[in-house]
Amino acid sequence: MLETFLINILFLILPVLLVVIFFDSYQNKFLSLYITFFSSISMILCMIYPFKLEIGFIVDLRYVPFILVALYGGYKRVFPMYVILNIYRLLIGGEGLLQSFVFSTVIFIAVPMLSKKFTGYNTNKRMMTGVTVALMTMLFYLLTLLSFFDELTKEYWTLAFYALTTHAIVIGLNLSMIEKIISNFNKRENFLRAERLHVMSELSASVSHEIRNPLTVTNGFLQLLKVSKTINPEDKVYIEFALKELVRAETILNDYLAFAKPQSVHMVHSNLKEEMEYVKNVLMPYAKLNNVEIVYQFSNSLMKKYDQNQMKQCLINLLKNAIEAMKEEGGTLSIRVFEQKKNIVICVKDEGIGMSKEEVLQLGKPYYSTKTEGTGLGMLMVFGTISKLKGKIDVQSKKSEGTTFTIKIPT
Ligand code: ADP
Ligand code: MG
C-alpha cells in the first residue's frame, strides 16, 4: 500500500519537477504544451499503478493531474487529456467503460468552468478550491459507485475513506508545490524589474539632466531664427521640423527626468485628491480628442507621503496609455480612488485594445512600446514611482476588451 502511494506521488510530482528544472519563467511558449504532455503521462501512469484494496476494489489517482490542468489551464489545456484518458480507458477495456466515459465527461465539463475564477484567486483560496474540487470529484465518483452496492457495506466505507484521503493529501501536496513555483517565478520577475529600475534611475538621473540644458538653449536660438527676416520662408520649414523634434526630445526627457531623482523634490503628505484632479483636468482635452469619456470617483481619506510632481507624472503616464489604447474606437475611462484596509487603491480601467499575457509581462521594460511614436518609458516610470511607495500594481487585461490597472499603496 505504502509503495503504491509513494510511486503515485512520484508520478504526480514528475511534471512539476520537470517544469522547475527546464523552465525559468512562464514566458516560454512551450510551457503549457509541456505541462499537458507530462500531466497526461502521469495520468496514464497513475492508471497503470492503481491502489488495489484488499476488499477487491481499485482506486487510482488519474483525476489528480486532470483536475490540476483543468483548474490552471481551462478547457483548452485539459481537452487533450480528456481524449487521452478515454482512449487509454478504451484500450484497457473491461467493465465500466461507459460509466468511466460519462464520469470523465462530466468532470471535463464541470471543472474547467471554475478555471477563470480559480486563476484570479490568491494562493490560499486556490489551495482550498483545488482540494475541495478533488474531494467533490471523489464524492461524485463514490455516488456513481453506489449503483454497484445493494447496501452500504463496510467495504464501501473503506473504499470511500481511501479514495477521499489519498486524493486530498496528494492534490494538496501538488498544489502547494505548484503555488510555490508560481510565487518563485513572480519573485524573480519582480526582482529583475526592481534591478532594472535601479540601473535606469541611476543612469537617467545623470544623463537626462545634462541634456536638458543644451536642448533649452537650442530651442531658444531656433525660436530666434524663426522670426529672422534674412532667412527665406522655404528654409524656415526646416526650423519648424527642428523645433518639432526638439519637443519630442523633451517629452522623452520628461519621462526620464520625472522618473529619475526629481529635480525639485516636493514632498507632500496628502490623499492624492489634488494630484488626481490636476491630472484629470490636464488630460481632459486629450480624452475629448480621442472620443474618450472620463468617469471619475474619489473617496479616499487616507494620507501618504509622496513626491507631488512624480505622482502627477506617474498618473499622467498611466491615464495617457489608457486613452491611447482607446484611440481607435473611443470608450469610457473609469478612474476610481478609494481606501481598502489601510491601502489607497487607484483603479484605472479602459475599454481599449488590451494586451495579451506576454505583453503584460513586458510592461515596465525600458523602451518596450508598441506605438510608432512611443518612448516605452512611461510604464517604467509608473512602476518606479509605485515601487518607491512600496505599492503593488496588478494588471488585468484582455486583448480587444480592455485593461484594468489596480494600484495598491499601503499607508
Ligand atoms: P508608450 O506609451 O510610449 O508606448 P509606455 O511605457 O507608456 O510606453 O507603455 C508601453 C506599452 O505598454 C505601450 O506601447 C502599450 O503597448 C502597452 N500599454 C500600456 N498601457 C496600456 C493600456 N492601458 N492598454 C493597452 N496597452 C497598454
Ligand atoms: Mg505611454
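Give, as ranges by residue number, the residues of the stretch 317-331 whose backbone N falls under 13 Å from the point 7 Å along Cα→Cβ of Tyr286. Under cut-off, by backbone N: 317-327. Per residue of the chain, the DSSP helices (runs of n ≥ 4 H) give a summed -39500 (n - 2.57) that works out to -22500 deg cm²/dmol at 222 nm. From most to least packed by mean Cβ count within 10 Å, the peptides 68-74, 43-49 give 68-74, 43-49.
Pairs with C-alpha atoms separated by more than 22 Å, drawn from the list Lys117/Lys357; Lys371/Lys398; Lys29/Lys388, are Lys29/Lys388.
Only the Cβ atoms of Lys and Arg (+1) and of Asp and Glu (-1) were treated as charged; on that basis the dipole of the chain about its Cα centre amounts to roughly 820 debye. Ordering Gly391, Ser334, Met138 by Cα displacement along the dipole of the chain toward the positive end leaves Gly391 in first place; charges were set at the Cβ atoms of Lys, Arg (+1) and Asp, Glu (-1). Considering only Asn343, Tyr296, Leu283, the residue lying farthest towards the positive end of the dipole of the stretch 267-410 is Asn343, judged by Cα position with unit charges set on Cβ.
Applying 0.36 nm per residue to the separation of Ser183 and Glu358 and subtracting their alpha-carbon distance, the gain on full extension is 61.2 nm.
Across the chain, the mean sequence separation of Cα contacts (distance under 8 Å, 6 or more residues apart), normalised by length, yields a relative contact order of 10 percent. Once the chain from Lys244 to Val20 is taken as fully extended at 0.36 nm per residue, the excess over their C-alpha distance is 75.6 nm. P(r) tail for the stretch 194-260: Cα pairs beyond 20 Å make up 42% of the total. Expressed to the nearest 5 percent, the antiparallel share of DSSP beta bridges inside the chain is 80 percent. On the beta carbon distance between Phe298 and Leu225, with R0 = 35 Å, the FRET formula returns roughly 0.15.
Note on the stretch 267-410: with charges restricted to the Cβ of Lys and Arg (+1) and Asp and Glu (-1), its dipole about the Cα centre is near 620 debye. Rounded, prolate or oblate: which fits the stretch 244-396, taking a ≥ b ≥ c as square roots of the Cα gyration tensor eigenvalues, rounded meaning a/c under 1.5, else prolate when a/b beats b/c? Rounded, since a/c falls under 1.5. Where in the stretch 148-191 does the amide nitrogen come within less than 14 Å of the point 7 Å from the Cα of Leu142, taken along Cα to Cβ? Flagged as within label range: 152-169.
In the stretch 2-191, Cα pairs under 8 Å separated by at least six residues give a relative contact order of 23 percent. Computed over the chain with a Gaussian network model linking Cα atoms closer than 10 Å, the most mobile of Thr385, Thr370, Thr166 is Thr370. The modelled label-to-label distance for the pair Phe79/Thr218, using points 7 Å beyond Cα in the direction of Cβ, is 5.5 nm.
The simple spin-label model puts a point 7 Å past each Cα toward its Cβ; for Asn190 and Lys371 those points are separated by 2.9 nm.
So the label point goes 7 Å from the Cα of Tyr88 along Cα→C-beta, right? Which residues of the stretch 153-193 then have their backbone N under 18 Å from it? Label zone hits: 167, 170-171, 174. Length gained on full extension, Thr332 to Thr123, computed as 0.36 nm times the residue gap minus the Cα-Cα distance: 72.0 nm. To check you understand DSSP bridge types, tell me what percent of the beta bridges within the stretch 267-410 (both residues inside) are antiparallel, rounded to 5. Taking every DSSP beta bridge within the stretch 267-410, about 75 percent pair in antiparallel fashion. Above 31 angstrom, tally the Cα pairs of the chain and express them as a % of all pairs, no decimals. Here the tail beyond 31 Å accounts for 54 percent of pairs. Ranked by the mean number of other Cβ atoms within 10 Å of their residues, highest first, the peptides 373-383, 50-60, 32-42 fall in the order 373-383, 32-42, 50-60. As a calculated quantity, the FRET efficiency between Lys341 and Val106 at R0 = 30 Å, using C-beta atoms, amounts to about 0.15.
Every number in this text was worked out from the coordinates using simple rules, so none of it is lab data. Here the structure is a predicted model, which is why all the values come from computation and not from measurement. A quick note on method: Cβ atoms are made from the backbone with ideal geometry, for glycine too, and the neighbour counts reach across all protein chains shown.
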